[in-house]
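The values are calculated or read from the model by the stated rules, or taken from the named source; none is laboratory data. Predicted model only: the values in this text are computed from it and were never measured. Cβ: placed from backbone, ideal geometry, glycine included. Neighbour counts: every protein chain shown.
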Amino acid sequence: PLEAAAVVNGVKEANPVATHSDGVPIIVNTALPKITNGISQVKHLPAEFYTPFFSDAANKRKPSPIRALFPLENTPGLISLLAGKPNASCFPFTSISFTARSPTDPSTETSLELDKNELAEALQYGPTGGEPSLVNWVFGLQEYSHGRKRGEGWRVSIGAGSQDLLYKAITAILSPGDTMLIESPAYAGVLPMFEHCEQIEVDTDSDGIDPASMRSILENWPVGKRKPKVLYTVPFGSNPTGFTTTLKRRKEILALAREHNFLIMEDDPYYYLYFGEAPRPASYFTLELEEPEVGRVLRFDSLSKVLSAGIRIGFASGPEPLLRAMDMHTAMANLQVAGLTQVMVSTLLNSWGYDTFKIHSQNVSAFYRKKRDIFERCMRQYLTGLAEWSRPEAGMFYWFKLLLGTEEEDSEVVIRTKAIERGVLALPGTVFMPNARKTGYVRASFSLLDEEEIEEAIQRLRDVILEARTT
Ligand code: PMP
């Protein structure tokens with residue numbers, strides 16, 4: 001149906017009476033004016049579009065009666081007897097300051113102190129979706145990195161790491177028994193979140209998630225069964241494989257999302273750790289701007305790999321109705337992310353500006369590229385003929401298959417026993433397989449090791465494989 005889209009002013013226009021391949025009508029928002037982003041006219045999916053995507057849990061959840069009224073507190077002249085906000089004069093903190101290394105000159109450190117307003121923002125309860133200073137910075141970043149302008153039908157929520165937001169999004173979308181698409185292998189940290197669902201695995205290879213595998217699943221879908229609601233994918237330096245999905249494949253996946261009516265959860269903590277030689281492929285969040293209707297992509301970013309993992313800041317960017325549902329979960333579960341870490345991060349990042357943030361992330365990715373290069377050299381030197389792998393272009397992982405000459409499952413035993421006896425710890429690939437499938441692959445992280453340790457670890461692995469091949 002969308003193939004029948006007309007081209008108006010060089011922009012593809014969805015046919016308002018068109019349907020998705022499963023018969024669900026494509027709702028085109030005629031109420032909202034088209035928004036001009038300077039390059040093209042962007043047409044957003046309307047709020048009603050998301051109704052069938054919500055889980056039973058999200059449908060039952062109600063806004064927090066107190067937090068829903070928070071914005072009224074700013075009404076001039078109004079005396080608020082509303083919230084149980086503690087009186088800040090009882091807090092002992094009088095100043096908070098920290099020092100940070102300069103990305104442009106790593107030998108220099110700058111001292112930063114939260115000003116009066118920042119201190120007040122950091123110490124008091126704040127908005128559910130995030131402190132305004134950090135939310136504003138994220139809006140600017142998403143325009144800088146992904147070409148998404150503020151006010152164009154999407155918004156931001158801050159989470160305690162992206163993990164927090166992934167859980168809230170999955171709970172808002174998937175009810176027990178719902179079907180979802182998941183790249184396989186997949187990040188072990190989300191697998192328990194999908195346990196209540198039917199997980200349909202989509203193959204991946206060194207070019208990332210495979211649209212041909214997905215197309216064949218969707219085209220052979222049982223008649224009468226509801227199609228998957230959502231795809232979960234890690235597009236850069238995937239955990240565990242290290243694979244980065246090519247631009248061509250990303251476009252094909254977006255087209256499949258439109259044809260088969262599913263949402264895309266783009267979990268992208270390794271976006272700023274891309275060190276490939278080819279230009280960085282655009283994110284799904286950017287690419288969907290070329291779609292006839294925008295609003296299928298829910299993007300997850302993390303500051304864990306570039307600023308600090310312990311500071312626990314991630315952010316979700318996507319359609320307003322989905323973010324609102326996630327905020328309702330936050331209002332119930334933890335009210336908000338710690339104000340102090342949000343304000344520390346926004347103070348630092350606002351002092352840098354986006355160009356300096358980019359320089360910082362380039363420094364970080366160059367750091368990991370060096371480690372990747374050492375790892376690759378050692379893999380070639382010691383494991384040629386003993387393992388199979390593809391060189392990662394982003395992130396911090398190698399994914400390789402042990403060539404033991406026996407059953408694939410044996411590698412799990414070898415990694416869990418013989419390797420540890422020899423003094424090398426890696427993760428058996430099985431923990432990354434949806435539906436508890438077995439695999440002969442192993443994941444190794446190269447983020448923390450120096451050259452000597454990488455060399456030693458891979459030599460130990462070589463000895464373990466050689467020993468397993470002879471016994
Ligand atoms: N997604 C993926 C793919 C990850 O590898 C991680 C971290 N291991 C996360 C999400 C969670 O990151 P955080 O909560 O620290 O932002």
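Data overview
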item	result
Residue selected from the stretch 177-217 under the condition part of a strand (DSSP E or B) and of a type in the set (D, E, K, R), by the criterion farthest from the ligand (Cβ to nearest atom)	Glu198
Checklist (1) closer than 19 Å to Leu322 by Cα; (2) buried (at least 19 other Cβ atoms within 10 Å of the Cβ); (3) small (Gly, Ala, Ser) applied to Gly151, failing item	(2)
Long-range neighbours under 9 Å by Cβ, at least six apart or interchain, first residue small (Gly, Ala, Ser) within the stretch 259-275, second within 10 Å of the ligand (Cβ to nearest atom) and in a loop (DSSP other than H, G, I, E, B)	none
Residue under evaluation Leu166, criteria (1) free of Cβ contacts under 8 Å to residues at least 24 places away in the same chain; (2) in a helix (DSSP H, G or I), criterion not met	(1)
Number of the exception - Gly161 against (1) of a type outside the set (Asp, Glu); (2) over 20 Å from Glu320 (Cβ atoms); (3) away from the ligand (no atom under 13 Å from the Cβ)	(3)
Filter result for Val364 (assigned to a loop (DSSP other than H, G, I, E, B) and in contact with a Lys or Arg (Cβ under 8 Å, 6 or more places away or on another chain))	no
Residue list for the stretch 129-158, filter: away from the ligand (no atom under 16 Å from the Cβ) and among the hydrophobic types (A, V, I, L, M, F, W, C)	Val135, Trp137, Phe139, Trp154
Tally of residues being farther than 13 Å from Leu425 by Cβ and among the charged types (D, E, K, R) across the stretch 442-456	4
All positions within the stretch 397-411 that are surrounded by 21 or more Cβ atoms within 10 Å (Cβ to Cβ) and either within 24 Å of Tyr232 (Cβ to Cβ) or among the polar types (S, T, N, Q) (or both)	Phe397, Tyr398, Trp399, Phe400, Ser411
Yes/no for Phe139 being surrounded by fewer than 23 Cβ atoms within 10 Å (Cβ to Cβ), closer than 15 Å to Val230 by Cβ, out of contact with any His (no Cβ under 9 Å at 6 or more places or on another chain) and of a type in the set (Phe, Trp, Tyr)	no
Positions within the stretch 288-313 being more than 14 Å from the ligand (Cβ to nearest atom), part of a loop (DSSP other than H, G, I, E, B) and either without any contact (Cβ under 8 Å) to a residue 24 or more places away in the chain or not charged (D, E, K, R) (or both), in sequence order	Pro292, Gly295
Enumeration of residues in the stretch 218-236 that are surrounded by 11 or more Cβ atoms within 10 Å (Cβ to Cβ), away from the ligand (no atom under 16 Å from the Cβ) and in a loop (DSSP other than H, G, I, E, B)	Trp221, Arg226, Lys227, Pro228, Lys229
Some residue of the stretch 327-334 being in contact with a strand residue (DSSP E or B) (Cβ under 7 Å, 6 or more places away or on another chain), modelled with pLDDT of 95 or more and within 16 Å of the ligand (Cβ to nearest atom)	no
Number of positions in the stretch 202-217 that are surrounded by fewer than 19 Cβ atoms within 10 Å (Cβ to Cβ) and either closer than 23 Å to Tyr50 by Cα or in contact with a Leu (Cβ under 8 Å, 6 or more places away or on another chain) (or both)	2
Phe285 crowded, with 22+ Cβ neighbours inside 10 Å, within 16 Å of the ligand (Cβ to nearest atom), assigned to a helix (DSSP H, G or I) and modelled with pLDDT of 95 or more	yes
The stretch 49-74 residues that are under 20 Å from Ile173 (Cβ atoms), paired with ones that are in a helix (DSSP H, G or I) and basic (Lys, Arg) (beta carbon under 9 Å, 6 or more apart)	Pro63/Arg324
Strands (runs of 3 or more DSSP E) lying entirely in the stretch 1-117 (those with 3 or more residues that are modelled with pLDDT of 85 or more)	97-101, 109-113
Looking only at the stretch 427-443, and only at residues there that are crowded, with 18+ Cβ neighbours inside 10 Å and free of Cβ contacts under 8 Å to residues at least 60 places away in the same chain, the one that is farthest from the chain's Cα centre (by Cα)	Gly440
